[in-house]
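Trainee: Sharing a structure, written as structure tokens. Questions coming.
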Amino acid sequence: MAKNITMKIISTHLAEGQLVPGEEIALHIDQTLTQDTTGTMVYLEFEALGFPRVKTQKSVAYLDHNTLQTGYENADDHRFIQSAAAKYGIYCSRAGNGICHQVHLERFAVPGQTLLGSDSHTPTAGAMGTLAIGAGGMDVAVAMGGGAYYLNMPQIVNVHLKGKLPPWVSAKDIILTLLRRLSVKGGVGKIFEYSGEGLAQLTVPERATIANMGAELGATTSIFPSDEVTLQFLKAQGREEDWRELTADEGASYDQTIEIDLSSLAPLVACPHSPDQVVTVRELAATKVDQVCIGSCTNSSYVDLLKAASILRGKTIPPHVSLVIAPGSRQVLTMLAANGALAELINAGARILECACGPCIGMGQAPATGAVSLRTFNRNFYGRSGTASAGVYLCSPEVAAVSAWRGEITDPRSLEPLAVPCPVKFQVNDNLIIQPPAAGTKVELRKGPNIKAFPVNKALPASLEGTVLLVMEDNITTDHIMPSPAHLLPLRSNIPALAEHCLTPVDEGFPSRAKKKGGGFLVAGENYGQGSSREHAALVPLYLGIKGVLALSFARIHKVNLLNSGILPLTFVEKEDYARLQKGDQLVMEDLLRQILAGGMIMVQNKTGGYSFPVNLTVSARQKEILLAGGLLPYTRKKAEYRE
């Protein structure tokens, strides 16, 4: 039977289940990655699970998010992660070496392998023909210990690229086209697999831009073939031995096909405050810009920044524009410095940031009050930049650089075409990647005072009762649930301190109300938990006593994080029931264990309103056991004890 790329990888890594869309399957995981805002929890969980050493082919810990050290907290986290990496057999990419997704693509991703990462943009490695999936930290910890990763078998969507990109139209415009067509909910439960003659002109870094922002579609992951383009990239990285050809068989079938004629595309921009609010650059022409940021894991490759340097060569940005450049890796920065492009950027007036996530996650470079910030990033959620009143727009490096020079959003197509090829050879220096010592080497975990124990739920009781603490709208993101501006990121290892800020962008009084009521329930609209993989968005509500979330629908990773924390993810059967619930309503779920085991539907009594309504609990048999145990950690411990 002819197979597509996704089916080929899943078939060779299948641990349990049938390849039927919607059915739960389990995958063997070859590689994992963590970063420092999620990694501390992952290694605390790995320690609590009692695993002596990782069992994956390769696991890598990256220090790339929390690099702003205004106090001891981030430095302590880095020291702890480095000690955990040494103890458990994990490679550690030190601060300054680069953003996890850029470095992993350069140095570790392998075609045909599986990668699980505690970061929602882990699918970036799909550019290499890797089946790369973002997940919550507990799932990553279990995978590092040799456990399988469970997910519902996604639908596989073929995105067929035909034609050729016109001048000044780039990979960013391809993914923005998909976001404009499908919305931030359009990829839920799907894997996007790319094909077509249009692939030949897309380098691996350009494919990475598309795979990276597939996360904004809500997709499980995105994947490209491993072809001659992939081989050339791996040769340039000195990793030719990692290459294998991986393409779809002729006649392979898909659940859906989307065709994009590249020749018809124009430069695009995503408007505030969502990546799917996409318009053409021409529609925003002459909009004054106050800040331009080029970088992030989406567009910080060597070629991306070389394009920006070529555009800005011999020019000076206007006085009202702040231009910042964040190279994606030390390799990128070194090569820019060696060929003089870095000097061209500096001479144009750019400020050069370190090789880290930086302003993409709100770690510095917050815009001025009411400013327009044009960024090459992947997300422009409300308040994510650190300035709630700012308008953040997303675009390609080409549009960003031309707009920085002109001082306003500018369609670059009136300029001479720009051609910047991918290099034949990259400069490789892995001296900031620490290899783990041999197994059996004695290593002590080093925990600073800000590293607190994570909350662990108790077994699910026979009935639940609580107050509706908050009623929310559609597309509530993890940035709403657990905001992460620069002053809060150092608290990622301290759940009690983070709890004081939970859901405050929606309601400033939520934390105090939750504590006063002893917890309760949350109510939300469609796509609750969109965005980051951060399990803090489930762990902090757990700490505050949240028993369940009732929503019209959930984002994939967040739903699993709720399950892993022992919090019920419930979906409304009727939209009218969502509309009638009010803050302060007292809800009761009686005979809960029997209802869960019976499957499907749970009846909820609204004691305040004097009526009952049904909700769905759409989970697998295994996930029921996880909920009954109180979460994935107690469930995994129990299974391990049973095996012993």
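Trainee: So for the chain: antiparallel DSSP bridges make up what percent, rounded to the nearest 5? Let's see the in-between values first.
Mentor: Working: 31 of 90 bridges.
Given both bridge residues lie in the chain, the antiparallel proportion sits at roughly 35 percent.
Trainee: Starting from the Cα of His320, step 7 Å toward the Cβ, then list every residue of region 409-441 with an amide N under 12 Å from that point.
Mentor: It comes to 409, nothing else.
Trainee: Size of the dipole of region 5-264 about the Cα centre, Lys and Arg at +1 and Asp and Glu at -1 on the beta carbon, nothing else charged, in debye to 20? Walk me through the numbers before you get to the answer.
Mentor: Numbers: 19 positive and 30 negative charges, 63 e Å.
Charge dipole of region 5-264: 300 debye, to the nearest 20.
Trainee: Mind listing which GluC sites (Glu not before Pro) in region 479-543 are in a DSSP loop and have 14 or fewer other Cβ atoms within 10 Å? Before the final figure, lay out each step's value.
Mentor: Working: sites: Glu500, Glu508, Glu526, Glu535; in loops: Glu508, Glu526, Glu535.
The qualifying sites are Glu508.
Trainee: Take the alpha carbon atoms of region 354-426, find their center, do the same for region 558-628, and report the distance between the two centers in whole angstrom.
Mentor: If we compute the Cα centre of each part, the gap is 42 Å.
Trainee: Give, rounded to the nearest 20 debye, the magnitude of the charge dipole that region 99-184 has about its Cα centre when Lys and Arg contribute +1 at Cβ and Asp and Glu contribute -1 at Cβ. Before the final figure, lay out the partial values.
Mentor: Details: 6 positive and 4 negative charges, 88 e Å.
The calculation lands at about 420 debye.
Trainee: With +1 on the Cβ of every Lys and Arg and -1 on the Cβ of every Asp and Glu, and nothing else charged, how large is the dipole of region 449-568 about its Cα centre, in debye rounded to the nearest 20? Show your work: numbers first, answer last.
Mentor: Details: 11 positive and 9 negative charges, 96 e Å.
With Lys and Arg at +1 and Asp and Glu at -1, about 460 debye.
Trainee: Could I ask something else about it? If you rank Thr70, Thr387, Thr40, Thr287 by fewest surrounding Cβ atoms within 10 Å, what's the result? Please list the in-between numbers first.
Mentor: Numbers: Thr70 9, Thr387 20, Thr40 29, Thr287 17.
So the ranking, lowest neighbour count to highest, is Thr70, Thr287, Thr387, Thr40.
Trainee: Using Cβ contacts closer than 10 Å as the measure, can you line up Ser59, Ser170, Ser264, Ser183 from fewest to most?
Mentor: On the way: Ser59 30, Ser170 25, Ser264 11, Ser183 20.
So the ranking, lowest neighbour count to highest, is Ser264, Ser183, Ser170, Ser59.
A short reminder: the numbers here are calculations on the coordinates, not readings from a lab. If you're wondering where the values come from, they're calculated on a predicted model, not measured in any experiment. Cβ: placed from backbone, ideal geometry, glycine included. Neighbour counts: every protein chain shown.
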